[in-house]
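The values are calculated or read from the model by the stated rules, or taken from the named source; none is laboratory data. No experiment lies behind these values; they were computed from the predicted model shown. When we count neighbours, we look across all protein chains shown, and the Cβ atoms used for this are built from the backbone with ideal geometry, even at glycine.
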Amino acid sequence: MSILVGKNTRLIVQGITGREGEFHTKQMIDYGTKVVGGVTPGKGGEWAAGVPVFDSCKEAVEATGANTSIIFVPARFAPDAIFEATDAGIELIVCITEGVPVLDMIRVRAYLDNKRVRLIGPNCPGLISPGEAKVGIISGHITTPGGIGIVARSGTLTYEVIYALTNRGMGQSTCVGIGGDPINGTSFIDVLTMFEDDPLTDQVVLIGEIGGSDEERAAEFIAARMSKPVTAFIAGRTAPAGKRMGHAGAIIEGGAGTAAGKIAALEAVGVRVAKHPEEIPDLCAYAVR
Amino acid sequence: MKLHEYQSKQLFAKYSIPVPRGEVATVPEDARRIARDLGRRVVVKAQVLVGGRGKAGGVKLANNPDDAEKVAGQILGMDLKGLIVRKVLVDEAADIQNEIYLGIVIDRVPRRAVMMASAAGGMDIEEVARTAPARIIRVAIDPFLGLREYQTRQIAYAIGLPRELVKDFNTIAQGLYRCFVDVDASLAEINPLVVTGEGKLQAVDGKILIDDNALFRHPDLAALRDVDEEAPSETEARQRGLSYIKLDGEIGCMVNGAGLAMATMDMTQLFGGSPANFLDIGGGAQADKVAAALRIILADSNVKAVLINIFGGITRCDEVARGIVAALEEVKTSVPMVVRLVGTNEEEGRHILAAAKMETARTLAEAAQKAVALVKGEAAVVQLPPVAIKPLIARRKPVDRKPAIKKPAAKKAKLIVKKPALKSKARK
């Protein structure tokens, strides 16, 4: 069992004929994900990475029964790709693309909020349910199946944590990268809700960073509704105020969004916060005992 | 990307927002000419991208052209919070009766652009937000409906604007929102918006931040970037597609991925060092990009050791290793380095580095401790501190109490949870 992606996932890849799109499609197929097709306007009828390419999402969904889409198109085309997948009836959209303008994301979210669709990302590594399916770019070989659910705002930092857990033989149910942008499709709370309801997730690791207040709101939610143990790590203790630390969302504004504030909020509700990523397995091991 | 005050006000003027007449001068003589042309009292304002210019002595009044030349001479060339003033704006001085704050920001929580206004203009709005949050009026703007007139009227009444100015205020607020959307701003503010002695509204100071991610559709605005205002190393990094921010510490950091880069910086501090920079080489960096990153780090004379942490995914460790070796051939340096490579092609990468006799590490903690030891000139003795485990607090409720807390919570979840989760709940 897992959340969001698994054996029932039927995936199409938007931007499948691009360099990244094609490479990662092959990786996802090798991992065992059911990739049923791809979409690149103007290249319908061709094949890429061993699957058929369609001109539009609508055609792809009609022909393959796809329920999930992953987006690898450049930032300027990404909002359109999200709207297209939504209107084609896709239920889960994962947008890997980095650099989508924030005003575009405001429109995307306002539109999606009235639809039966979930968006993960943008600017994210996607997600993986070890042993079942991966929809994204997280290397399958660093993961191992198990009961720890991971939700994170950053990519490589997540890999670091997965790797540390796997090295200790601690498996994961699903690892979800929600992305580093200020406005994205899915929040910590959304994913925590799903982990809480997932019978095979027995504890959760939350990896946050400076900027915004998503971690603080997650802390309130944990206090009110989570029965499963949560371990956390917050990146950016040494980040200066007012500077955007790579991710568009990672910025301390007007004294808000600091690592110290987030850590305090989480610790206040009983979440153990690791001092560094490699400490997370120790804290997780303690939590299940 | 930040725009200068004069650039912001030029944009405002295009959107029917009244701004004072004025021009930019780079030498004192120009300030004299501008003041003479304006023919009245002027204000000479340093154009640097930092806040608090007035308090730092970068804004001065001048009663006549002679005065204007004199104060421009004082301001031009001065060091304002680490930036040299190269331009001044010479504006006609406003007859200020009242000061208002009006701005638009992106608010992450409602996921909307939000218009903010306050009768406490002229002050730092963040200060007002801290000390008197009730004095700030906030209105969220629907992206499809835009800013409606009833909303701007609501703001005008709430800040106690005289009735005869409400119509002009509406024009200004609408102009500000159109400007915000058209230039893909993440912040646009008029502070202060003043009520003049003649009973008019005028945008005396302005600030616009443009979303860097949207610059691809605004080449004209991208060209306005003032490279004098950033550290040369930050300019070079940006042109190379690297994300680099200079800090004050001693350990240069090179990492792939923003989150991991921050975690690596934090790690140096945890073990008693301090990071010299944030540097994300991004995904899939090739050897030349790695070499450029290393050159940028080593150009900082504070750097006493370099910590390279690469978690290979799209990025290949052997490419990174080749880049490091190439950079070291070019930049002869005695600065010691610690390299940690994990992931795609890590073995090949380690072989390349072993040939170059570089210090390597297996874990992030080990790498950070070695870097800190190198700064102190010690041989690295790696010893991980014992993991401090805090006792569980009462929140971890025993399983049998679960239903009791779950029932009311399910109702609450309906408000937050999106459809797929809702569906599964309904089935239960």
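Pick out the one residue from A:I263, A:I234, A:I280 that is of a type in the set (A, V, I, L, M, F, W, C), part of a strand (DSSP E or B) and either within 28 Å of A:E91 (Cα to Cα) or more than 8 Å from chain B (Cβ to nearest Cβ) (or both). Testing whether each residue is of a type in the set (A, V, I, L, M, F, W, C), part of a strand (DSSP E or B) and either within 28 Å of A:E91 (Cα to Cα) or more than 8 Å from chain B (Cβ to nearest Cβ) (or both) leaves just A:I234.
Listed here are the residues, each with its yes/no results for (1) part of a helix (DSSP H, G or I); (2) β-branched (V, I, T).
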| residue | (1), (2) |
| --- | --- |
| B:V128 | yes, yes |
| B:R138 | no, no |
| B:R153 | yes, no |
| B:V166 | yes, yes |
| B:Y177 | yes, no |
| B:L187 | no, no |
| B:V194 | no, yes |
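On inspection, B:K60 qualifies as within 30 Å of the chain's Cα centre (by Cα), outside any loop (DSSP other than H, G, I, E, B), surrounded by fewer than 20 Cβ atoms within 10 Å (Cβ to Cβ) and charged (D, E, K, R).
Looking at this structure, is B:K55 surrounded by fewer than 20 Cβ atoms within 10 Å (Cβ to Cβ) and either hydroxyl-bearing (S, T, Y) or farther than 30 Å from A:A256 by Cα (or both)? Against the criterion (surrounded by fewer than 20 Cβ atoms within 10 Å (Cβ to Cβ) and either hydroxyl-bearing (S, T, Y) or farther than 30 Å from A:A256 by Cα (or both)), B:K55 does not qualify.
Of all positions in segment B:29-47, none carries a residue that is within 14 Å of chain A (Cβ to nearest Cβ) and of a type outside the set (S, T, N, Q). Within 15 Å of the chain's Cα centre (by Cα) and at pLDDT below 95, is that true of B:D212? When the stated conditions are applied, B:D212 passes them. From the list A:A248, A:A241, the one residue that fits, being within 11 Å of another protein chain (Cβ to nearest Cβ), aliphatic (A, V, I, L, M) and touching a residue at least 24 places away in the same chain (Cβ under 8 Å), is A:A248.
Only a single criterion out of (1) at the interface with chain A (Cβ under 10 Å from one of its Cβ atoms); (2) surrounded by 24 or more Cβ atoms within 10 Å (Cβ to Cβ); (3) not aromatic (F, W, Y) is not satisfied by B:G252, namely (1). Would you be able to tell me the number of residues in segment B:299-314 that are outside any loop (DSSP other than H, G, I, E, B) and away from every other protein chain (no Cβ under 14 Å)? Total meeting the criteria: 2. When segment B:333-374 is filtered for residues that are away from chain A (no Cβ under 14 Å), assigned to a helix (DSSP H, G or I), of a type in the set (A, V, I, L, M) and farther than 15 Å from B:D318 by Cβ, the ones remaining, listed by number, are B:A373, B:L374. Scanning segment B:286-310 for residues that are modelled with pLDDT of 90 or more and farther than 17 Å from B:P336 by Cα yields B:A292, B:I310. A residue that is surrounded by 24 or more Cβ atoms within 10 Å (Cβ to Cβ) and either without any contact (Cβ under 8 Å) to a residue 24 or more places away in the chain or of a type in the set (S, T, N, Q) (or both) occurs nowhere in segment A:196-217. Among the residues of segment B:315-332, write down those that are within 24 Å of B:V372 (Cβ to Cβ) and assigned to a loop (DSSP other than H, G, I, E, B). Across segment B:315-332, the qualifying residue is only B:V331. Of the set (1) within 13 Å of another protein chain (Cβ to nearest Cβ); (2) charged (D, E, K, R); (3) part of a helix (DSSP H, G or I), all apply to B:D228 but (1). Within segment A:157-178, the set of residues being part of a helix (DSSP H, G or I), within 12 Å of chain B (Cβ to nearest Cβ) and not β-branched (V, I, T) comprises A:L157, A:Y159, A:E160, A:Y163, A:A164, A:N167.
Scanning segment A:268-277 for residues that are assigned to a helix (DSSP H, G or I) and either touching a Ser or Thr at 6+ places or on another chain (Cβ under 8 Å) or more than 8 Å from every other protein chain (Cβ to nearest Cβ) (or both) returns a single hit, A:A268.
Scanning segment B:77-114 for residues that are within 16 Å of B:G206 (Cβ to Cβ), touching a helix residue (DSSP H, G or I) at 6+ places or on another chain (Cβ under 7 Å) and within 14 Å of another protein chain (Cβ to nearest Cβ) returns B:Y101, B:G103, B:I104. Condition first: within 14 Å of another protein chain (Cβ to nearest Cβ) and closer than 16 Å to A:L127 by Cβ. Can you find one or more residues in segment A:34-53 that meet it? For segment A:34-53, residues within 14 Å of another protein chain (Cβ to nearest Cβ) and closer than 16 Å to A:L127 by Cβ: absent.
Entry remark, segment A:123-142: residues being closer than 13 Å to A:S173 by Cα and over 15 Å from the mean Cα position of the chain (by Cα) number 2 in total.
Taking (1) of a type in the set (A, V, I, L, M, F, W, C); (2) more than 14 Å from the chain's Cα centre (by Cα); (3) at pLDDT 95 or above in turn, A:L200 satisfies each apart from (3). Taken together, the residues in segment A:136-156 that are touching a helix residue (DSSP H, G or I) at 6+ places or on another chain (Cβ under 7 Å) and more than 9 Å from every other protein chain (Cβ to nearest Cβ) amount to 7.
Go through the residues of segment B:89-106 one by one and say whether even a single one is small (G, A, S) and not in a loop (DSSP other than H, G, I, E, B). Yes, there is a match, as at least one residue in segment B:89-106 is small (G, A, S) and not in a loop (DSSP other than H, G, I, E, B).
Scanning segment B:33-52 for residues that are under 31 Å from the mean Cα position of the chain (by Cα) and either more than 22 Å from B:M1 (Cα to Cα) or crowded, with 17+ Cβ neighbours inside 10 Å (or both) yields a count of 7. Each residue in segment B:140-151 was checked for being part of a helix (DSSP H, G or I) and not aromatic (F, W, Y), and 2 pass.
Note on segment B:40-65: residues that are touching a helix residue (DSSP H, G or I) at 6+ places or on another chain (Cβ under 6 Å) and either more than 21 Å from B:E29 (Cβ to Cβ) or modelled with pLDDT under 90 (or both) amount to 1. Scanning segment B:1-32 for residues that are among the basic types (K, R) and surrounded by fewer than 16 Cβ atoms within 10 Å (Cβ to Cβ) yields B:K14, B:R21. Across segment A:113-122, the number of residues qualifying as more than 9 Å from chain B (Cβ to nearest Cβ), buried (at least 16 other Cβ atoms within 10 Å of the Cβ) and either in a strand (DSSP E or B) or over 9 Å from the mean Cα position of the chain (by Cα) (or both) comes to 2. Looking only at residues of segment A:228-264 that are under 21 Å from the mean Cα position of the chain (by Cα) and among the β-branched types (V, I, T), we find that the one that is surrounded by the most Cβ atoms within 10 Å (Cβ to Cβ) is A:V230. Scanning segment B:107-126 for residues that are closer than 21 Å to A:I183 by Cα, assigned to a strand (DSSP E or B) and of a type in the set (A, V, I, L, M) gives B:A113, B:V114, B:M115, B:M116.
A quick yes/no check of all residues on (1) of a type outside the set (K, R); (2) within 30 Å of B:V109 (Cβ to Cβ):
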| residue | (1), (2) |
| --- | --- |
| A:G18 | yes, no |
| A:T97 | yes, yes |
| A:R107 | no, yes |
| A:L112 | yes, yes |
